[in-house]
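Just below is one structure, and these are the notes that go with it.
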Amino acid sequence: MCGVKHVFYYKSKKIVVNTLIHLFLISVAITCLYPLLWMISSSLKTQDMIFKDISLIPNQFRLENYVLAWKEGGFGRNFFNSIIYTVSVVFGIVIISSMAAYAFSRLRFVGSKFLFIIFMAAMMIPIPGSFVALYVLLNKLHLRNTPIGYILCMINVGLSTSIFLLKTFFDKMPKELEDAARIDGCSKIGIWWHVALPLAKPVLAVVVVFNALAVWNEYILALIIFDNRKFMPLQVALQSFQGEFVTNYPLLMAGLTITALPIILVYLLMQKYIIKGVTQGAIVG
Amino acid sequence: MLFKNVLLGVFFCFSVLGCSGQKCDLKPAITIWHWMTDRDATFQELAEKYETLTGVKVSFELYAPSDAYSQKIRAAAQGINLPDVFGILGEKRDFASFIKAGHILELTSYMEANNNNWKNNFFPKALAVNEFAPGNSYGINPGIFGVPIDIMTIQMVYNKKLFSQLGLNPNRPPKTIKEFLEIGAKIQAAGMQGLVSGWGEVWMIDCIANNYAFNIMGKDKVLATIKGQVPYTDPDWITVLSIFKQMKESGIFAQGLVTMINKSAEQLFANEKAVFAFNGSWCVNVYKGMNPGLEYGAMLPPQASEKYPMAIWGGAGSSFMVNARSKNKEEAVKFLVWLTGQDQQAYLAQATNNLPANKNSLSKIPDILAQFSRGMDYATHPNIWGVSEFSPVIEALDRGIQSIIIGEKTPEAVAIEVQKIKEREMAKKKAR
Amino acid sequence: MKIKDTLENYTFVLPAVTIFSIFYVIPFIWVFQLGLFEWDGISFTKVFVGLQNFKEIFFQDRNWWQSMWNASYITLIALTFQNIMAFMLAWACDREIRMKNFYRVIFFIPPVLSEVVVGMAWRFIINDIDGANVINRMLTQIGLSNFTHNWLSDPNTALSTVAVIHCWKGFGWGFLIFLAGLQTIPRELYEAARVDGASAWQSFKKITIPLMIPVMVLVAILTVLGTMQVFVLIVSLVGGEFAGHTSVPVLRILASMRGSSRFGYACAQGITFGMVLIIISFIQYRFSKKGQ
C-alpha cells in the first residue's frame, strides 16, 4: 500500500517535471521555428503579397520562385563552387587544427605554450583592414583570383578557434587508451589518428559544423579576391537579389532557403556523431 | 593528398572550360565593374547591342552589395588591378584620393570635343558631381573625371488615398512646415502613421537637415559654417534643429522612425501604412514592385522659411570612371559616350525606372518620375560644394538629431556639442 | 632518438604554424604598422604619426568607449542569459527525454539563418505598425499595458532588445558545445551515484558541474569573442548606432574606415579592441584555473 503510494508519488512527480521541461523546450522551439517558417512562406509568395499577407500559409504556392532563384542567381556553378570550398576548407581545418591541438594538449616541446597563446591571441584581434591586406598579400604570392588562395585564407580564418575547441576536449579525455596504444608500439601519428581522433568525434563534429557554416556564408573575401564569376561561391550570387535599392524578397527568401538546406543537412549528419561519440569511444576501448 | 589532387584537377577543368568558351578575337574587350543589382540585366542587354554594333565586347561584372564592392575597388586600387571602367562609392574626398593616386582618367577633353558635344547632353548638376571646380579644397586640377549614368533626387512622397481619408486635397501637398505640422495632428487623431524614412541609417537625417539649413540660412551661410566661419550655435542652426523637435511634437513622425531602416520604410509606404515618406527617386521602382496600384505624388519637403528656396539633394545617382592605366581607355570612353547617348539612356531609364542623366531622354518617362525630375531645379549635393564637412561633425549632428527626436537632448545642447567637435577637428587640422 | 622525437612533435604544429604565419601574421604586422599612420585607404602615400592615433582613441574618442561599454553590456547578458539557457537546454536534451532528436535539430536553426532573415523576422515580431506585435499584445493581455512600447526605438530598451535577439541567435552554439561536452561524461558515473543513493540534483552538482567547467570556460570565451564583434544584426535591426545607444566597436571601426576614410585610425581601433579582448579572456581563463 505504502509502496504503491510511493511509486505513484514518484511517477506523478516525474510526469510534472517532464511536462515542465517539455513546456520550456517547446516554447524555445517555437521561437526557433518561426523565422524559418516565415522565410519559407515568404519564398512562396509574390513581391506584392509578401508584406500584405502576413499569414504563414500563403494562399498560393509559387514554387516557380525556387526555379527562378536558381536560374537567375546562376546557382548551378556557384553551388558547386561553394560545396568544393566548404569541403576542402573544413577538411583542411579538421586535419591541421586537430594535429596542432593534439600536440598542444599531449606532446611536450619547447615553445608549445607560447605558440598556443599566440594562436589564442590571434583569435581575439580582429583585423579591420585584413581584406585589403590579404588582397595585397595574395597578389604578391600570385594566389589572387585562384581557388587555392581563397581556400588557404579560409582555413586560416577557422584555425585558431578550432584549435582552442579541440584542445579543451583533448585535455578532458582520459589518457589511458593512448598509453595502451603506445605500449603496443603505435607511432605518435598513429595514436593521433587511431585513438585521439575517434575519441574526439563529438567535438570534431562541432568543429565541422562551425567551420562549414562560416565558409558557406562567407562572401566578402570571395568577392574581393575573385575577378571571375566562375570562381564565386553561392553567397555572392545570393547578394544580387538584395539590391541597394530594390530587393526581390521572394527570390531572396527562396535563395536563402536553398542555401540553408545544405548546412542543415551537414548538421543533421554531424549531430549523430555528437550523440554517438560516447558509445563509439567505448567500443574502441 | 589524393583529395587535393582531385581538387586541383577540378579547378583545372574549370579554367580550361572557361577559356574555351570565349573567342579570343583581336578587338579589345572592355571590363566594367559595378554594384547596381537592379540595372545589371539592362546593362548586359546594352552591352550585347554594342557588341553587334561595333564588335567591341563589353562585360559588365556585378559585385554586390555596395559595401563589399567599395572594399573591392579599394583593394584593387592598392594592387593596381582596377578594370577599364568602374564606379566609386564614397565622398568627394575619396574620389579626389583616387584621382591623386592616378587611377582615374580626366575626361574634360573628351567632354569638350566638338563644341562640348558630349558635355551638353547631361544635366549640368549631374555632371557637377564628377567635376572639380577651380580652387576646390581637395587640391585637384579643375576638370571632369566621371560620367553620370543616371540622376536621382531625394524628396518627399505622400499617399493620395490616405490624404483623401484625412480630408485633404490629394493634389495639393503641404507647402509650408506649418501646414505639415497641422497634418501631424490630423494623423494622430485618425490613428494613422505619418512620415517614414530610413533614419536609422543616419545619412538620410543628414540629408533633410541640410535641406532645411539651405532653406533657412541659404547656401552661402551653410558653406560658411563648413568653412568654420559661422558656428553651429548660430540661431539659424538652432532653428534647423528645432524643426525636428516641432515635427516630433506634432505627431507627424511614424512610430519608430528614429531607428527605421529604409527598406522597412519603403514596405510601410508601399503598403499604404504611412502617409508620407522621405525617399530618393529610386523608390519609384521599389514601390512599383511591392504595390503597383499605389497612388502617390512627389513633393518638396515643406519649407520652413521664405527667405531662401527649399533645397533637396540631387545629382548624379551613379557614375562611371575610366581607369587611367587601362590600355583600352580610348575604347572605354567611346563606349561611355554611346551608353550616355539619348536612346540608350531612354532605354535604361525605362527598363529600370531611374532618371536618365541625359537631359534629352526625359520625354518618355512616367509621370511620377517626371515629378521627381522636376526637383532637379532645387537640387544640390555635398559633392558639388567644393568643401566637405569633417565626418565626426556630420556624425555628431546626425546623432544629435536622433537624440532630439527621442527627447533626450534639446536643440541648443546639440548645437553646442556639434560646435565643440567642429572646433576640435579644426584644431587638429591646423596642427597637421 | 631524442631529436627525432622532438622533430616529430614539431611536425604536428608545422602546418598550422605555416598557414598562420603567412595568412595571419603578415597581414597583422601590416595592420599594426598602419595604426601608426594617417592613411585614407586609397593613396599610395601615408603620413607617419607615431602613437597619435592611439592617443586619440584613449583620450578623445568618447564614442569609442561608449561603444565598448555597449558591447560589454550585450556580452554580459550573453554570458549569463544565453549560456545558462544553452546549458539548461543541453542538459535537458542529454537526458532520456522524448523528442530529443527533434529539439536538437530545432535549436540549431537560429545560428544557421542569415542575419537578414533574423532581423526582418524579429522586426516583424515586435513591430507596432504592421507587424505581429507579439510582445506588446502579450503585455496587454496580462494587464501590463503600461509597459508596451516601441522596443527598438526607445533608448532605454533598444540595446537590451538587441542583446536578447543576439542571445536567441547565438544560443545554438553554446547548446551544441555543451551537448558535446555532456556526452563525453561517462554514464557509469551517474549509475554509480544513483546506486550510492544520490538524488538527481546531487549528481548534477557533484558530477556534471565539475566535469563541465572546462567546457563552460570554452563557451564563455567563445561567447565573449562572438558577442563583442556583433554588428550585422544591429544594422539589420536598428539601422546603425541610434544616437550611440546601440553603437558597438565594429561599427565604430567601420565608421572610421568608410565614413571618415581614416584607415590608419581604424587599424589602431582594431588593435586596441583586440588588446581589451585578450585581457578579458585571460582574466576569464585565470579565474577558471583557480576555480578548478
For this session: Say whether the condition of being away from chain C (no Cβ under 14 Å), more than 18 Å from B:Pro124 (Cα to Cα), part of a loop (DSSP other than H, G, I, E, B) and among the charged types (D, E, K, R) is met by at least one residue in the stretch B:325-335.
Result: yes
Exercise. Looking at B:Val286, is it closer than 26 Å to B:Met376 by Cβ, among the β-branched types (Val, Ile, Thr) and within 14 Å of chain C (Cβ to nearest Cβ)?
Worked result: no
Seminar exercise, completed: Flagged in the stretch B:76-89 as at the interface with chain A (Cβ under 8 Å from one of its Cβ atoms), of a type in the set (Gly, Ala, Ser) and either closer than 19 Å to B:Val58 by Cβ or buried (at least 24 other Cβ atoms within 10 Å of the Cβ) (or both), in numbering order, are B:Ala76
Exercise. Just to be sure, is B:Ile401 over 29 Å from B:Pro134 (Cβ atoms) and of a type in the set (Val, Ile, Thr)?
Worked result: yes
For this session: Output the residue which, of all residues in the stretch C:141-158 that are of a type in the set (Gly, Ala, Ser) and part of a loop (DSSP other than H, G, I, E, B), is surrounded by the fewest Cβ atoms within 10 Å (Cβ to Cβ).
Result: C:Gly143
Exercise. Where residues in the stretch B:46-65 are surrounded by fewer than 19 Cβ atoms within 10 Å (Cβ to Cβ) and out of contact with any Lys or Arg (no Cβ under 9 Å at 6 or more places or on another chain), which of them is modelled with the lowest pLDDT?
Worked result: B:Pro65
For this session: Would you point out which residue out of C:Met120, C:Met138 is more than 11 Å from chain A (Cβ to nearest Cβ), over 30 Å from A:Leu165 (Cβ atoms) and part of a helix (DSSP H, G or I)?
Result: C:Met138
For this session: Scan the stretch A:202-209 and give yes if some residue there is under 24 Å from the mean Cα position of the chain (by Cα), modelled with pLDDT under 90 and of a type outside the set (Ser, Thr, Tyr), otherwise no.
Result: yes
Exercise. Under the condition of being of a type in the set (D, E, K, R) and facing chain A (nearest Cβ under 9 Å), which residue from the stretch B:57-75 is nearest to B:Asn328 (Cα to Cα)?
Worked result: B:Glu61
Exercise. Where in the stretch C:1-73 are the helices (runs of 4 or more DSSP H), entirely inside, with at least 2 residues that are more than 13 Å from chain A (Cβ to nearest Cβ)?
Worked result: C:52-59
Problem set entry | All positions within the stretch A:95-111 that are more than 7 Å from every other protein chain (Cβ to nearest Cβ) and surrounded by 19 or more Cβ atoms within 10 Å (Cβ to Cβ) | A:Ser98, A:Ala101, A:Phe104, A:Ser105, A:Arg106
Problem set entry | Exclusive hit being hydrophobic (A, V, I, L, M, F, W, C) and surrounded by fewer than 24 Cβ atoms within 10 Å (Cβ to Cβ), set B:Ala270, B:Ala351, B:Ala265 | B:Ala351
Problem set entry | Unique match (being out of contact with any Pro (no Cβ under 9 Å at 6 or more places or on another chain) and either within 29 Å of B:Ala370 (Cβ to Cβ) or crowded, with 22+ Cβ neighbours inside 10 Å (or both)) among B:Gly293, B:Gly297, B:Gly315, B:Gly228 | B:Gly293
Exercise. How many residues does the stretch B:334-348 contain that are out of contact with any strand residue (DSSP E or B) (no Cβ under 8 Å at 6 or more places or on another chain) and over 21 Å from B:Asn114 (Cα atoms)?
Worked result: 1
For this session: Filter the stretch A:163-212 down to residues that are surrounded by fewer than 17 Cβ atoms within 10 Å (Cβ to Cβ) and outside any helix (DSSP H, G or I), then give me how many there are.
Result: 6
For this session: Scan the stretch B:354-372 for residues that are crowded, with 22+ Cβ neighbours inside 10 Å, part of a helix (DSSP H, G or I) and not hydrophobic (A, V, I, L, M, F, W, C) and jot them down.
Result: B:Ser361
Exercise. Got a sec? Which helices (runs of 4 or more DSSP H) wholly within the stretch B:146-263 have at least 2 residues that are of a type in the set (Gly, Ala, Ser) and touching a residue at least 24 places away in the same chain (Cβ under 8 Å)?
Worked result: B:177-190, B:203-227, B:235-250
Seminar exercise, completed: Of (1) more than 10 Å from chain B (Cβ to nearest Cβ); (2) of a type in the set (S, T, N, Q); (3) over 27 Å from A:Ser162 (Cα atoms), C:Ser236 fails just (1)
For this session: Look through A:Leu115, A:Leu138 and report the one residue that is closer than 30 Å to C:Val250 by Cβ and either in contact with a Lys or Arg (Cβ under 9 Å, 6 or more places away or on another chain) or of a type in the set (Val, Ile, Thr) (or both).
Result: A:Leu138
Exercise. Which of (1) of a type outside the set (Asp, Glu); (2) touching a Ser or Thr at 6+ places or on another chain (Cβ under 8 Å); (3) in a helix (DSSP H, G or I) is the odd one out, the single condition C:Phe171 does not satisfy?
Worked result: (2)
Exercise. Applying the selection to the stretch B:265-316, what residues are among the small types (Gly, Ala, Ser) and free of Cβ contacts under 8 Å to residues at least 24 places away in the same chain?
Worked result: B:Gly289, B:Gly293
Problem set entry | Filter result for the condition that a residue is within 25 Å of B:Ile384 (Cβ to Cβ), within 14 Å of chain C (Cβ to nearest Cβ) and at pLDDT below 95, over B:Asn271, B:Asn291, B:Asn262 | B:Asn262
Problem set entry | Qualifying residue in the stretch C:173-194 (condition: at positive phi, at the interface with chain A (Cβ under 10 Å from one of its Cβ atoms), out of contact with any Asp or Glu (no Cβ under 8 Å at 6 or more places or on another chain) and of a type in the set (A, V, I, L, M)) | no
Exercise. Taking the stated definitions as given, is C:Gly264 within 30 Å of C:Trp30 (Cβ to Cβ), in contact with a helix residue (DSSP H, G or I) (Cβ under 7 Å, 6 or more places away or on another chain) and surrounded by fewer than 24 Cβ atoms within 10 Å (Cβ to Cβ)?
Worked result: no
Seminar exercise, completed: Over the stretch B:90-115, the set of residues away from every other protein chain (no Cβ under 14 Å), in contact (Cβ under 8 Å) with a residue 12 or more places away in the chain, in a helix (DSSP H, G or I) and not aromatic (Phe, Trp, Tyr) is B:Thr108, B:Met111
Seminar exercise, completed: Picked from the stretch A:150-175 (must be within 12 Å of chain C (Cβ to nearest Cβ) and either of a type in the set (Gly, Ala, Ser) or more than 24 Å from the chain's Cα centre (by Cα) (or both)), the residue farthest from C:Lys289 (Cα to Cα) is A:Gly158
For this session: With respect to C:Ala78, determine if the residue is within 14 Å of chain A (Cβ to nearest Cβ), touching a residue at least 40 places away in the same chain (Cβ under 8 Å) and either part of a helix (DSSP H, G or I) or hydrophobic (A, V, I, L, M, F, W, C) (or both).
Result: no
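The values are calculated or read from the model by the stated rules, or taken from the named source; none is laboratory data. This one's a predicted model, so the numbers in the text were calculated from it and none came from an experiment. Methodologically, a virtual Cβ is constructed for each residue, glycine included, from the backbone with ideal geometry; neighbour enumeration extends over all protein chains shown.
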